[in-house]
1. What is the extension gain from residue 74 to residue 50, computed as 0.36 nm multiplied by their sequence separation minus the C-alpha to C-alpha distance, in nm to one decimal?
2. Let me see the pair-distance distribution of the chain: every alpha carbon pair, 10 Å bin width, integer percents in order.
3. Expressed as an acute angle from 0 to 90° and rounded to the nearest 10, what is the orientation of the C-alpha long axis of helix 50-59 relative to the principal long axis of the chain?
4. Once you place label points 7 Å from the Cα toward the Cβ at residue 36 and residue 15, how far apart are they in nm?
5. What ranking, highest mean first, results for peptides 15-26, 33-44 when packing means the other Cβ atoms within 10 Å averaged over each residue?
6. State in Å² the accessible area per residue of the chain; use a 1.4 Å probe, count heavy atoms of protein chains only, and round to the nearest integer.
Amino acid sequence: MIAKRKTERNTREIWVWMIRSGMRPARIAEAMGVSLALVSDTISGRKNNRRVLRYLMDAGCPKEHLDLPEDLRDAI
């Protein structure tokens, strides 16, 4: 069994950025064609969905709030 990595995602700061940017998880989910649960779980750090993280980065979310997985950090 592979141990899950506990993220240090700064959920509070991501939410502050989202509110200031007028973003909502439901709109992100709709735009990406994914479930709201996937977006919410990724924001909270329960999941590490690379597509959702990339979407947030491309929308301008500060990378230091996202605690990106190593493969995404290396791709930047």
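1. Result: 7.4 nm gained on full extension.
2. 19, 57, 21, 2
3. 40 degrees
4. 1.6 nm
5. Details: 15-26: 13.4, 33-44: 16.3.
Packing proxy ranking, top to bottom: 33-44, 15-26.
6. Values: 5050 Å² over 76 residues.
In whole numbers, the chain has 66 Å² accessible per residue.
The values are calculated or read from the model by the stated rules, or taken from the named source; none is laboratory data. As the structure is a prediction and not an experimental result, all values here were calculated from the model. Here the Cβ is made from the backbone with ideal geometry for all residues, glycine too, and neighbour counts use every protein chain on show. For the accessible areas, the whole protein counts, side chains as well, though only heavy atoms, and no ligand, DNA or RNA atoms are used. Shrake-Rupley method; radii C 1.70, N 1.55, O 1.52, S 1.80 Å.
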